[in-house]
Each structure stands twice: as C-alpha cells, then as structure tokens.
Amino acid sequence: MPRILFSFLLLLLSSATSLSAAKAVRYDDWFADATLRLNYILSGTNTTQDIALHTMARTPLWAGRRVNLDKLLLEGNAQVELTDSATGRRIYIASFSTLFQEWQHSEEATQVRKAFEVVQLVPMPLRTAYATLRLYDSHRRTVAEMRHRVSPNDILIRQGKAASKHFVTQLHGGDAREGIDIVYIAEGYTIAQRELFLSDVRTAMEALFDHAPFSLMRDRFNIRAVFVPSEREDVSVPLEGKWNETPCGSHFSTLYSDRYLMTEKLFQVYDLLEGVPTEHVIILANTPVYGGGGIYNLYAMTSARQQWFRPVVVHEFGHSFAGLADEYFYDDQFETFYPAGIEPWEPNLSTLTDFDKKWARLMGNPSAMNEGIGVFEGGGYQSKGVYRPSLDCRMRTNEYPVFCPACREAIEKAIKYNTETIKL
Ligand SMILES: [Zn+2]
C-alpha cells in the first residue's frame with residue numbers, strides 16, 4: 001500500500017474513533033426500561049481469585065443512573081462493564097468493592113479458600129451484549145476478569161417480580177427513574193416493630209440530610225423503606241453463640257472482627273428487594289450493640305439501637321455511596337491496604353503519589369483552608385505513609401459533626417455523576 005494512502009486511512013480511522021468517543025451513550029438507544037440483576041460468586045485465597053456467574057434475573061424499571069453511562073467516576077476495587085456484542089462499544093460501566101476483597105487481607109485468607117456472593121444491578125441491554133467483571137488488587141492490577149454473554153432473549157434470565165411483596169413505604173422524593181434511590185431494609189425487627197423500623201429510617205434519613213452536601217441536594221434523592229419482619233428481635237451474635245433467623249442473614253464478628261456487623265447473604269437481600277427501585281441499600285439492624293460497615297456500591301449496614309446511630313449511618317453511607325475511605329488508623333493492622341507508590345482510588349486518602357488528582361486544589365480555597373484542610377499523616381487503618389485531608393471528619397470520628405471539605409466535594413461529585421451529564 002502506498003505510504004500516503006496508509007496514513008490517510010489512519011487519519012480516517014482516528015477521526016472516526018474520536019467522533020464515536022465524543023458521542024455520549026443515550027440510555028434509550030441501548031437499554032430497555034428494565035434492570036438486569038447479575039449474581040456472581042467470587043472465590044479464592046489471599047493470593048488467588050476466581051469469578052463465576054451464578055444466575056441472572058430481569059425486573060421491570062431501571063432505577064439507576066441514565067447519564068454518564070459509559071464513564072467511571074471512581075475506579076473501585078471491582079468493575080462491571082457492558083459492551084455491545086456487534087460493535088464492541090462500551091455502553092455501561094460501574095465500579096464497586098466487595099467483602100471478598102476485604103477478606104483477602106485477613107489472616108484467615110492465608111489458610112482457607114472461601115466463596116462470597118456479589119450482586120450488581122445493571123440496565124437491561126436491548127441487544128446482545130457482553131458483561132465483564134474485573135477485580136483489582138491494592139496495587140491497581142487486574143487480578144481476575146470474566147466475560148459472559150447477555151442475550152435479552154435468553155430464556156434462563158429469570159423474570160422477576162414487578163412489585164415487592166413486602167411493605168414498601170416511600171418517605172422522600174418521587175419517580176424512581178429520576179434521582180438516586182436509597183432503600184432502607186429492616187433487619188431483626190419483629191412484626192410488631194414495623195413503626196419502630198419506620199421511625200429508625202426517618203432518623204437515619206434526617207441524619208443524612210443534616211450533612212452537607214446531602215442537605216443541599218436532597219431533591220436528588222428518593223428514599224424508601226422496606227419492612228420485612230423477623231421472628232425475634234436483634235441480629236446474630238456469634239461471640240455469644242446466638243444465631244437469629246433474620247431477613248438479611250447478618251451477624252457480628254464478620255471476618256472475625258467483633259464489631260463488624262455485615263451480611264454475606266447478598267442473594268437473599270436482593271431477593272427481598274426484588275421489584276423495589278434500588279440503587280443504594282442501607283440495612284438497619286435492630287440491635288443495641290455498636291456495629292456496622294459500608295462497602296462502595298454494594299451496601300451499608302448499621303445498628304439502630306445505639307447512641308451513635310446517627311453519625312454511624314451517615315459514615316457508612318459515605319463508604320457505600322461515595323467510595324470514601326476510613327480516615328482513622330491503627331498501629332497494628334494485619335496487612336497494609338494502601339501500598340507506597342500507589343495512589344488509592346478513594347477520594348479522601350492519598351499516598352502523595354498523584355496528589356494533584358486529590359484535594360490539592362481545595363488547599364488554595366480560603367473557606368476550605370478555614371476548615372483546616374491540609375495533608376495529615378494517618379488514615380485508611382495505617383499510621384504511616386497514608387495521608388488524609390483534615391484533622392477530623394465524619395469519616396474519622398463519630399463526635400465530629402461534618403464531612404471534611406474533601407469528602408464533601410467527593411460526595412457532591414458522586415451525586416452529580418448519578419444525576420446529570422458531567423465531564424469526566
Ligand atoms: Zn473527610
């Protein structure tokens with residue numbers, strides 16, 4: 001081929017690529033108004049990981065974002081991507097984290113191979129697509145990847161229920177197709193305690209809307225409460241040999257950490273939520289013992305009967321909604337979560353490897369300076385080598401009343417990413 005023609009072809013190709021890259025993915029061109037539930041099993045040890053598809057289900061209505069569909073806000077520890085099978089074009093991507101990856105940092109993972117459930121809700125493609133699930137390690141390397149076909153005509157995609165059989169109460173907002181849908185689900189409340197649950201949901205919702213920037217953007221949220229009764233009140237406490245049958249199957253001592261109250265039964269939780277417009281799940285546990293946790297774009301959980309309920313439920317949602325990291329630290333963590341030389345993807349921590357992408361800009365902002373924004377060593381469970389944006393923050397202590405400026409900015413970005421077209 002003559003050289004000049006070859007470069008002309010190259011030019012044509014590159015301009016075609018940039019044209020398609022510039023054109024945003026329009027929801028209605030690619031997706032039905034329906035949700036595809038992807039159930040996966042992640043298994044492995046501290047050094048190995050496998051992904052398997054378990055089952056798929058389809059439910060009417062897509063409650064998730066309809067903007068920025070092919071763009072990522074945060075890298076997360078895992079990603080799910082949909083590509084069109086005919087053109088290879090990315091039509092949807094989302095990031096999240098998993099309990100499995102947290103467990104990989106535990107001592108137990110050096111001794112036994114275990115499996116964990118993961119659920120991701122994605123928009124239902126109109127035409128055959130490929131779904132790819134990827135896992136990353138703390139060095140940001142892809143350590144597992146699995147791709148599978150999603151055909152809208154697949155007879156084994158189960159048709160799910162349109163409406164939940166449980167009591168669903170909408171407490172705030174409106175149409176699920178607009179706005180960010182938060183669902184609170186009851187854990188350990190008896191049938192007689194439905195009003196107590198609803199009052200706890202109201203407390204949690206008010207606590208959230210007491211915090212900027214949620215307070216300033218509350219019209220972008222829809223809040224629903226899903227009541228599912230338990231036979232007995234309270235949740236399981238393995239340290240006391242107490243195992244209660246509860247809707248979400250949660251228990252203390254998750255990953256052998258006494259106060260870590262979580263559930264590994266994600267399939268069960270999402271079965272209960274089937275037909276309820278769901279983007280972010282908050283499990284409220286009817287227990288007087290302090291505990292909970294939050295995993296980015298997976299779920300958050302808190303005990304509702306203890307004095308720190310309000311700050312903790314907001315803190316855990318900071319993890320699950322905005323991917324914020326814990327800003328507190330210890331001196332004796334089993335393994336480092338944030339290795340030197342690797343910039344964490346979490347917006348409120350830095351190893352100062354790529355600090356310009358973090359809160360550097362805010363440090364020239366007078367109001368943020370007034371609030372004491374800076375670079376403080378200690379965060380993400382590590383006393384050395386990891387830096388946080390503020391002396392104190394909702395992501396550090398329960399006593400401190402607000403999110404620090406860097407966390408506020410990260411939350412605002414996450415709200416916008418989900419509700420308006422933004423430059424990423
Ligand atoms: Zn913060």
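For residue 180, are the conditions met, namely being touching a helix residue (DSSP H, G or I) at 6+ places or on another chain (Cβ under 7 Å) and not aromatic (Phe, Trp, Tyr)?
Values: touching a helix residue (DSSP H, G or I) at 6+ places or on another chain (Cβ under 7 Å): yes; not aromatic (Phe, Trp, Tyr): yes.
Yes.
Among the residues of the range 392-417, those identified as within 10 Å of the ligand (Cβ to nearest atom) and assigned to a loop (DSSP other than H, G, I, E, B) are 392, 393, 394, 395, 396, 400, 402, 403, 404. From the list 388, 408, 394, which residue is touching a strand residue (DSSP E or B) at 6+ places or on another chain (Cβ under 8 Å) and charged (D, E, K, R)? Result of the check over 388, 408, 394: 388.
Residue pairs whose Cβ atoms lie under 6 Å apart, separated by 6 or more positions or on different chains, with the first residue in the range 100-113 and in the same structural domain as residue 49 (by TED's automatic domain parsing) and the second in a helix (DSSP H, G or I) and surrounded by fewer than 20 Cβ atoms within 10 Å (Cβ to Cβ), are 103/255; 106/255. Of all the listed residues (64, 76), the sole one being at positive phi and in contact (Cβ under 8 Å) with a residue 40 or more places away in the chain is 76.
Residues are listed down the side, and each one gets a yes or a no for (1) over 17 Å from residue 323 (Cβ atoms); (2) more than 12 Å from the ligand (Cβ to nearest atom):
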position	(1), (2)
344	no, yes
349	no, no
357	no, yes
360	yes, yes
373	yes, no
382	yes, yes
389	no, no
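In the range 319-342, of all residues being under 21 Å from residue 405 (Cα atoms) and surrounded by fewer than 20 Cβ atoms within 10 Å (Cβ to Cβ), the one that is farthest from the ligand (Cβ to nearest atom) corresponds to 329. Taking the criterion of being buried (at least 20 other Cβ atoms within 10 Å of the Cβ) and more than 20 Å from the chain's Cα centre (by Cα), would at least one residue in the range 111-121 satisfy it? No, there is no match, as no residue in the range 111-121 is buried (at least 20 other Cβ atoms within 10 Å of the Cβ) and more than 20 Å from the chain's Cα centre (by Cα). In the set (1) closer than 26 Å to residue 293 by Cβ; (2) in contact (Cβ under 8 Å) with a residue 60 or more places away in the chain, the condition left unmet by residue 424 is number (1).
The values are calculated or read from the model by the stated rules, or taken from the named source; none is laboratory data. Note that this is a predicted model, so its numbers are computed, not measured. When we count neighbours, we look across all protein chains shown, and the Cβ atoms used for this are built from the backbone with ideal geometry, even at glycine.
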